[in-house]
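Encoded as structure tokens, the structure appears first; notes follow it.
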Amino acid sequence: METENTNQQSNNTNSNTPPENDFKGVWLSITQFLHSILDIRNDTDKKGTIEDIKENISMKGHNAWVLVFSILIASIGLNVSSSAVVIGAMLISPLMGPILGIGLSIGINDIDTLRRSLINLGVMVGLSLATSTMFFIFPIFQSETPEILARTAPDVRDVFIAISGGLALIIALSRRSKQTNTIAGVAIATALMPPLCTAGYGLATWNLSYFGGAMFLFTINTIFIALATFVIVKFLGFPMLKYINSAKRKRIATTASTVALIVFSGSIYLFFNLFQENQFKQAVENLINDIKGNGISIIDEKDENIDYHNKKVKIYVYGNKLTNDEIKLWNEKLKDYGLEGTQLDFQQGEDDSDIRHEVQNLTDLYVQNQKIISSRDQTVKEKEDKIKLLTSQINKYQAAEIPFIQISKEAQINYAGLEHLSYAKLIHTNFNSVDTITVFNARWNDSIQNIPNKQLVLKKWLKTRLNLDTLQLNNN
């Protein structure tokens, strides 16, 4: 009885548990589950990661040649606008070594590795530019493809690619069981190889704006990849390099911290600027779409017409001209798009209503002529079909026609006493079907003996000569 009372009291106690405690228990279970999935500290090989990064910093020997050929392949891919070829070059590219070395060396205060990484980064850039420039220097490879034009200016999305690639690679390198490192390397190469090849294209064609834009994109991506490496190294608590000289250790630590702060600050500044520029261009695109939606025709929509730094937008209008009131109205709407302080420059030609009317008349005349031509073509086609049908019927008739004159001459030579030969087509029916029979009439000289045999031989010869299965020969 006491046991039952105790159980009942225990059940009452559980039933009276506050809901807040149940919620905390569920939340604790969820956080523990997520921590077990996302935690990367337990499976980190810090010593092995440092050794791997340092081994791949050098850009000489095999790495140098692999870099040269991967840049060459990527340049070919950009020239033919083939994403598959560019990705193939990324699979073998060793571009990530010096950049990871910079992020690692700053994170662990290794000034020697930092110096070595910077030198090899310079070698990497030099080899890449030299290779791509030598490829694009040939005129047949100097066409401006979409793949090249897409890498002539930085975009905020390129920053996200660089950050994601850097984080993926350093996390993949840091675990004990190394897997899929190449895939993460492709993500880094995506942010580095095309800009370097495009910069070489700019040098080969003396297009300094392309060279500057591509190198700016490469620099931004390099900074953010190194920054991602630095963040993960600090997050995982990689051991700091120790120096015997405490003053040297303090000086190096201060230098590394200063460099890290400068890189981090510069990265934030560059990212903010790119984000602002991207927002500005998106707002301008929304504005232009709304202008076109109001029936205003716009041509020559290029990125060069959007000047973010001077806050100026050129819009080329053709067709009906905008009045001053309409231009004023669109300028007043700029604040609705977040474009306060932006100058709209509507480029309009002279009134071309007469020209457009003339063009419309020519267009209508062209349509009418096309209808007439189509009608004539149809008539000609019908006549051609009729001619073909008649020709076919004539050919059939001629094929069935017997060369009677030739047959009669041959029969006269072969059969002595044959005085007369005639030929006709006999059509008869049994009211179920109609059939045509070739009929010959032969008349023999009365002095000829055994005319029935002669008649039989003549019939066989005619059937063989004319290739007929059925033939009627009458004796007149």
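Looking for whichever is modelled with pLDDT of 80 or more, touching a helix residue (DSSP H, G or I) at 6+ places or on another chain (Cβ under 7 Å) and of a type outside the set (V, I, T) here; the options are L241, L287. Which one fits?
Details: L241 fails: modelled with pLDDT of 80 or more.
Matching residue, one of L241, L287: L287.
Name every residue in the range 420-449 that is among the aliphatic types (A, V, I, L, M) and in a strand (DSSP E or B), in order of residue number.
L421, A424, L426, I427, V434, I437, V439, A442
So which residues in the range 455-476 are part of a strand (DSSP E or B) and either among the aromatic types (F, W, Y) or farther than 14 Å from T438 by Cβ (or both)? Show your work before the answer.
At the first step, the residues of the range 455-476 found to be part of a strand (DSSP E or B) are 471-475.
Residue satisfying the conditions is N475 alone.
Please verify whether I407 is in contact (Cβ under 8 Å) with a residue 40 or more places away in the chain, in contact with a Ser or Thr (Cβ under 8 Å, 6 or more places away or on another chain) and under 16 Å from K463 (Cα atoms), treating the condition exactly as stated. If you could, list the steps in order and put the result at the bottom.
On the way: in contact (Cβ under 8 Å) with a residue 40 or more places away in the chain: yes; in contact with a Ser or Thr (Cβ under 8 Å, 6 or more places away or on another chain): no; under 16 Å from K463 (Cα atoms): yes.
It is false that I407 is in contact (Cβ under 8 Å) with a residue 40 or more places away in the chain, in contact with a Ser or Thr (Cβ under 8 Å, 6 or more places away or on another chain) and under 16 Å from K463 (Cα atoms).
Scan I163, I119, I140 and give me the residue that is of a type outside the set (D, E) and touching a residue at least 60 places away in the same chain (Cβ under 8 Å).
Details: I119 fails: touching a residue at least 60 places away in the same chain (Cβ under 8 Å); I140 fails: touching a residue at least 60 places away in the same chain (Cβ under 8 Å).
Within the list I163, I119, I140, the selection yields I163.
The values are calculated or read from the model by the stated rules, or taken from the named source; none is laboratory data. The model shown is predicted, which means the values in this text are computed figures rather than measured ones. All Cβ positions, even for glycine, are placed from backbone atoms using ideal geometry, and neighbour counts span all protein chains on display.
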